[in-house]
Amino acid sequence: MARHVVAPVADIAPGGRHVITVGERRIVVFNLGGEFFALSDRCPHQGGSLCQGLLSGHVESPAPGEYVYARRGEMIRCPWHYWEFDIRTGKSWFDPKRVQLRQFQTHVETGAALQEGPYQAETFPVRVEDHYVVVEA
């Protein structure tokens with residue numbers, strides 16, 4: 001798979017998101033407390049753009065009359081028809097075995113690691129000051 005540099009880590013704040021286009025695919029990258037997850041930006045229902053959706057959590061009920069709001073900011077809701085997806089897994093909340101978003105492997109690399117390659121060229125001293133989010137699509 002090809003690697004695509006998305007953005008410096010500091011440009012995607014915790015709880016934030018960033019959209020990139022790779023070929024004809026739109027991919028949305030989420031920052032969940034310093035962990036990065038990349039999903040297809042297209043809802044499988046009718047193609048709504050998930051990057052424009054509402055981040056939420058979900059309500060759990062351990063017993064009648066008891067409610068706990070859990071996983072705050074880890075669910076994305078399609079802005080068109082409110083289908084919900086788990087950002088960590090890409091699975092839908094309503095039918096996780098059958099409906100899910102395509103996930104893309106995401107990791108953080110230093111700028112120095114991104115400049116390495118099989119080529120030989122005249123070199124100059126370089127200082128890397130930041131980390132970047134990289135998506136493999």
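The values are calculated or read from the model by the stated rules, or taken from the named source; none is laboratory data. This one's a predicted model, so the numbers in the text were calculated from it and none came from an experiment. Note that we place each Cβ from the backbone using ideal geometry, even for glycine, and neighbour counts take in every protein chain shown.
Some observations on this one:
- Of the set (1) touching a residue at least 24 places away in the same chain (Cβ under 8 Å); (2) surrounded by 13 or more Cβ atoms within 10 Å (Cβ to Cβ); (3) assigned to a loop (DSSP other than H, G, I, E, B), all apply to Q46 but (2).
- Only one of H81, H4, H45 that is of a type outside the set (A, V, I, L, M, F, W, C), modelled with pLDDT under 95 and out of contact with any His (no Cβ under 7 Å at 6 or more places or on another chain): H4
- Residue match in segment 2-16 (condition: more than 21 Å from E109 (Cβ to Cβ), in contact (Cβ under 8 Å) with a residue 60 or more places away in the chain and part of a strand (DSSP E or B)): no
- Scanning segment 55-89 for residues that are under 14 Å from the mean Cα position of the chain (by Cα) and part of a strand (DSSP E or B) yields L55, G73, E74, M75, I76, R77, F85, D86.
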